Amino acid sequence: MKPSELTKEQHYFFLTFYDKNSKVPNIKTVIYIGKNILTEKKFAKRDEWYFQDAESFLEYGTFSHMTKGEEREVFALEKKDLSSIYDLDGLIGRLKKIHS
């Protein structure tokens, strides 16, 4: 996805593959949290977009409000990695291409 298309606290799908031929998908539902939220812009070497696993987000809210004992997964992606993030329509389209 393009960075401008992301909406905070909306769900997206992180698509990776188990195989080198990109035929066996691994899909994880994630929530977009924000851009450069852990590093001040002046100290950042590159922009990062943060996503959190949907389960912990729905139970506890954003990871910045969680205690250390609560389990969560947080992903920091660079711009080039956003090509693995899809909305529902984009995911369906990508999966159709895999199996056509």
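The values are calculated or read from the model by the stated rules, or taken from the named source; none is laboratory data. Remember, predicted model here, so these are calculated numbers, not experimental data. Glycine gets a Cβ as well: all are built from the backbone with ideal geometry, and neighbour counts include every protein chain shown. Heads up: the accessible areas ignore ligands, DNA and RNA and are worked out on the full protein's heavy atoms, side chains in. Shrake-Rupley method; radii C 1.70, N 1.55, O 1.52, S 1.80 Å.
Residues in the chain average 70 Å² of solvent-accessible surface per residue, probe 1.4 Å, ligands and nucleic acids excluded. Distance between the modelled labels on His99 and Thr29, one decimal in nanometres: 1.9 nm (7 Å Cα→Cβ projection).
Sorting the segments 1-13, 46-58 by their residues' average number of neighbouring beta-carbon atoms within 10 angstrom, most packed first, yields 46-58, 1-13. Computed from Cα positions, the angle between helix 88-98 and the longest principal axis of the chain comes to roughly 40 degrees. Rg and Dmax over the alpha-carbon atoms of the chain stand at 14.5, 46 Å.
Across every pair of non-identical alpha carbons in the range 1-40, the mean reciprocal distance, once inverted, gives a Kirkwood radius of 11.9 Å.
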